[in-house]
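Please read the structure below before turning to the comments.
The values are calculated or read from the model by the stated rules, or taken from the named source; none is laboratory data. Predicted model, so just to flag it, every value in this text is computed and none were measured. Positions of Cβ are generated from backbone atoms using ideal geometry, with glycine treated the same way; all protein chains shown enter the neighbour counts.
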Amino acid sequence: MSELSPAAQHDVTLLELVDRVLNKGVVVSGDITLSVADVDLVYVGLRVLLASVGTIERLQAELP
Amino acid sequence: MSDDEKLIHASGNLDALARELDRVGTAFPRRVNADPERVEQGLAQLVLTLVELLRQLMERQALRRMDQGTLSDEQIERLGDTFMKLEQRMEELKREFGLEDRDLNLNLGPLGDLL
Amino acid sequence: MLYVYAFVSAPASLPDVSGVGGSPLGARRIDVLDAVVSEHELPVDASETAVLEHARVVEALAGANEGVLPARFGGMHADEAALSAAVAGRELVEALGRVRGCVELGLRVLGAAGSQASAATGAEYMRARLERRRKLERLADELHVPLAALARDSTLALGTTPRLLLTAAYLVPRGDVEAFGETVASLQAAHPELGIVCTGPWPPYSFAIAAEERS
């Protein structure tokens with residue numbers, strides 16, 4: 001039989017939701033940086049790469 | 001938003017699915033702090049993501065040509081050998097920098113269909 | 001500064017939920033659309049909580065308006081002028097028209113856990129990869145094609161991991177969701193060896209940008 005544990009249901013649903021909010025949707029990039037703890041992020045004009053915070057964090061290591 | 005509202009159909013092992021989704025990085029992004037070792041890891045993350053992306057694109061291209069029959073046996077052998085070696089090297093580098101599949105976050109937007 | 005959640009046809013019907021950090025929702029008219037926004041003194045903190053708050057706002061907007069074009073998380077602008085400039089020439093009206101009255105349904109297909117035999121030669125490796133690709137494409141024919149026929153639009157990704165065989169999203173008119181679910185159930189019955197998971201309905205995040213822009 002299938003395993004439909006509430007925890008797994010929650011995990012899958014949450015993962016699906018977060019994937020959509022972070023990686024999909026209209027990219028309306030602004031000039032304003034979001035703050036992430038003590039790290040400042042800078043949005044530049046690369047639309048595909050800069051849509052999600054996770055990607056920003058990866059690039060941040062590379063910027064001067 | 002309650003969880004069972006968003007599950008239209010589910011069978012099989014949801015735990016396994018949650019694990020696979022977590023593996024490809026659809027979860028919240030990890031925070032990076034500015035300490036020097038982390039910066040190096042961040043760079044490795046970026047470089048390895050690009051290398052892996054290119055490797056997958058090239059492999060896909062090679063498979064198409066193989067399917068079309070426009071590759072010689074020798075070319076197929078050489079390509080396969082190269083891809084295998086690249087794959088092994090990627091695994092070594094990931095281990096070296098303490099990176100997992102989700103850190104490379106290859107399942108991104110328009111480039112999601114690579115394999 | 002303004003944080004943007006989504007775009008709807010003006011006038012926006014604002015639901016009774018708050019935005020990120022408890023900020024009240026507002027609308028800013030851009031041409032024939034309303035951008036649904038919240039105002040902030042400081043840049044929004046990119047936290048997990050903020051992501052969930054963004055999602056909640058978009059979900060509530062979808063319930064209160066006939067069509068909604070979800071914005072991706074993180075859209076922060078100095079002011080209305082900056083926001084207008086950011087969406088100028090983006091054809092959002094057309095995009096909204098494409099998703100009006102529809103919801104997004106997600107599909108994941110998980111294969112059985114199997115051993116991955118390592119190839120001995122390059123040729124063996126390539127043959128195995130090609131065979132895998134062909135199997136995935138056959139799977140798409142059997143599962144994705146009949147579902148895409150029920151949808152206005154769809155996205156597809158094959159073989160994201162060795163086990164995650166298929167990932168798809170479908171833009172389905174609201175009234176057709178039940179029939180879609182029944183089709184998924186019948187496809188599952190025909191494929192007991194696969195784990196099929198269908199989630200939704202979601203606001204149409206995956207279809208908020210034009211197909212040409214997607215890939």
Residue that is nearest to the other protein chains (Cβ to nearest Cβ) [pool: residues in the stretch B:71-85 that are under 18 Å from the mean Cα position of the chain (by Cα) and farther than 8 Å from residue C:126 by Cβ]: B:84
Conditions: (1) assigned to a strand (DSSP E or B); (2) modelled with pLDDT under 95. Residue C:170 meets all but one. Number of the miss? (2)
Of residues in the stretch C:107-144 being loosely packed, with under 13 Cβ neighbours inside 10 Å and among the hydroxyl-bearing types (Ser, Thr, Tyr), the one farthest from residue B:16 (Cα to Cα): C:118
Tell me, please, whether a residue that is under 17 Å from the mean Cα position of the chain (by Cα), closer than 27 Å to residue B:53 by Cα, among the hydroxyl-bearing types (Ser, Thr, Tyr) and assigned to a strand (DSSP E or B) can be found in the stretch C:194-201. no
Going by the conditions given, is residue C:44 modelled with pLDDT of 95 or more, in contact with a strand residue (DSSP E or B) (Cβ under 8 Å, 6 or more places away or on another chain), crowded, with 23+ Cβ neighbours inside 10 Å and not small (Gly, Ala, Ser)? no
Identify the single condition in (1) modelled with pLDDT under 95; (2) facing chain B (nearest Cβ under 10 Å) that residue C:208 does not satisfy, given that it satisfies every other one. (2)
Only residues that are outside any helix (DSSP H, G or I) and surrounded by 17 or more Cβ atoms within 10 Å (Cβ to Cβ): list them for the stretch B:46-93, please. B:71
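Could you please find all residues in the stretch C:158-173 being surrounded by fewer than 18 Cβ atoms within 10 Å (Cβ to Cβ) and within 13 Å of another protein chain (Cβ to nearest Cβ)? First the steps, then the outcome.
Within the stretch C:158-173, the first condition is being surrounded by fewer than 18 Cβ atoms within 10 Å (Cβ to Cβ), and the residues that meet it are C:162, C:173.
Residue satisfying the conditions is C:162 alone.
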Lone unmet requirement of (1) free of Cβ contacts under 8 Å to residues at least 12 places away in the same chain; (2) among the hydroxyl-bearing types (Ser, Thr, Tyr); (3) touching a strand residue (DSSP E or B) at 6+ places or on another chain (Cβ under 8 Å) for residue C:125: (3)
